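Quick notes on the structure that follows.
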Amino acid sequence: MRTSLAFLIALGISPILHGQGIVNFTNGGNPSPEQKVYIDDWLNPSALAPGGQRFLVALYFSPNSDSESSLTQTGSAVGFIGTSDERTGIFFGGGRTVATVSPGASGFFQVKGWEAAYGATYEEAVANPRARVGKSPVFMADTTNPDSTEPVYGLIANSHPDRPFRGFVIAVPEPSTTILVLAGIVAAVPFLVRKHPKR
């Protein structure tokens, strides 16, 4: 199924959706440090996302495109496992059913995270420059046919080796270069005015 989906995408053909697939929305199952979620500081064990609902993550999906603009949220957002004083960086959202090209086909996924105080969704939070937000790279993962007796695996086990799930950092985004340049110009204006007084 991976080969057929990749072939259709390479030809620029949008497959018609004829099935469903289930994926377990979790990065649990003995993840590596690179497969966990951190707050402010990548790969710092003391910066792993704390348990509870202070920070949330949501699963995004597209059956046939790896463009972020084509990904839509599937299911509700969830917090991280453990108590607020436990830092695990692990989330567990349960099974998510998505519309796929055929039953149990693979698709494109992304996990987005944010600080819950700034919105119920990632889109609400990212609109606030003070909010801590983050997202994984878009990755490919298999799904399980709902009509089969096969187990439903998590994002790590189901992701493709050449495009796997990777963890990420939830942090306040760094200012863009344009904003920094404009801020520098604004800061320099009073100095220039004092240096060259009007005659």
Charge tally in the Cβ shell below 13 Å around V111, where Lys, Arg are +1 and Asp, Glu are -1, V111 excluded: +4
FRET efficiency, E68 to S32 (Cβ-Cβ, R0 22 Å, nearest 0.05): 0.35
Surrounding net charge for I39, when Lys and Arg each add one and Asp and Glu each subtract one, Cβ distance under 15 Å: +2
Cα shape, segment 59-152, gyration tensor, a/c 1.5 rule: oblate
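Bear in mind these aren't lab numbers, they're just calculated from the coordinates by the rules spelled out. Here the structure is a predicted model, which means the values were calculated and not measured. Methodologically, a virtual Cβ is constructed for each residue, glycine included, from the backbone with ideal geometry; neighbour enumeration extends over all protein chains shown.
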